[in-house]
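Here's the structure we're looking at; comments come further down.
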Amino acid sequence: MNDDVRDNLTPVQQRARDTVRGLSRPVADVEFRARLRTEFTTGTIQGGRVLRPPRSVWRRTAMPTLAVAAALALLMVVTNRRPGPVPLGGGGPGTVTVDGQTVPANRPEALARLLHPGARVTLSDDAELDLHYPGVMVWRLEPGTTAVLPPAPGRWYGKALECRLEKGELGLRTGPGFPGARLAIVTAEGRAIVTGTLVSVYRDDAVTCVCVVEGAVVMETASGEVLGNIEAGRRRVLFRDGSEPLHDAIAPPHQAHLQAFDGACGNVFGP
């Protein structure tokens with residue numbers, strides 16, 4: 001401290017200075033000094049320890065909970081998936097084309113390698129094909145049909161489905177794994193929304209025709225206008241030229257054809 005600073009001290013600062021000067025000098029611990037000298041000269045002196053804060057209660061409790069939740073979410077994703085379409089067998093001497101690859105209709109093992117949700121399937125005019133979504137639904141693709149297959153509904157979520165019929169006829173029988181799902185069968189003229197039933201959808205260049213043997217189907221136009229339910233034993237015809245839709249009874253021969261298809265489905269789903 002130079003003289004100028006010393007002379008400029010206030011009385012309070014002078015008393016503080018005198019108090020500090022009057023304190024005794026701390027004496028170093030003899031054992032500590034000896035140990036420090038030895039460690040320094042031998043190179044064994046250790047670095048200081050880093051104090052780590054204790055883990056918070058949140059981390060101790062929340063991290064295991066989050067791990068369990070992640071495992072459950074993964075399990076739900078894995079178990080939600082259901083298998084896609086499996087060929088029950090084809091009929092006729094014709095062919096089935098799946099995404100551009102053509103195989104004989106009577107070769108189910110070859111078809112099984114090609115089929116998947118979203119596949120575009122075309123049958124020749126002399127072939128038919130039955131497909132099973134295990135435990136969920138059975139489809140019949142009639143000769144000359146072209147359709148895009150739907151996925152299977154999930155067990156817990158992903159139950160809104162869609163398939164597209166470009167031409168021909170699809171028969172559908174839902175099974176015990178279908179309740180809670182909602183399937184839209186889409187054509188250029190409209191949408192048949194199925195929640196569990198026995199139904200067929202036919203389309204050609206002039207019309208879309210939806211026939212319901214069991215349950216009820218909600219029908220919409222391509223513009224989204226809701227036409228109401230089609231009840232069991234009835235059909236609704238939508239015309240490509242925009243004519244007034246027709247709503248009447250299913251023709252008896254077609255009713256018998258769908259009932260025969262239903263009988264075959266009973267062998268798939270069991271009693």
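A few remarks follow.
- For chymotrypsin sites (Phe, Trp or Tyr not before Pro), the sites in the stretch 119-164 that DSSP calls loop and that have at most 16 other Cβ atoms within 10 Å are 156, 157.
- Ranking of 32, 261, 239 by count of other Cβ atoms within 10 Å, fewest first: 32, 239, 261
- Ranked for footprinting exposure by Cβ neighbours inside 10 Å, fewest first, 38, 95, 122 give 38, 95, 122.
- Averaging the sequence gap over all C-alpha pairs within less than 8 Å and six or more residues apart, then dividing by the number of residues, gives the stretch 181-271 a relative contact order of 22 percent.
- Sequence ranges 13-22, 98-107, ranked by mean other-Cβ count within 10 angstrom, highest first: 98-107, 13-22
- Averaging the sequence gap over all C-alpha pairs within less than 8 Å and six or more residues apart, then dividing by the number of residues, gives the stretch 84-269 a relative contact order of 13 percent.
Values in this text are rule-based calculations from the coordinates and carry no lab data. What you see is a predicted model; the values in this text were computed from it and never measured. Cβ sites come from the backbone with ideal geometry, for glycine too, and all protein chains shown count toward neighbours.
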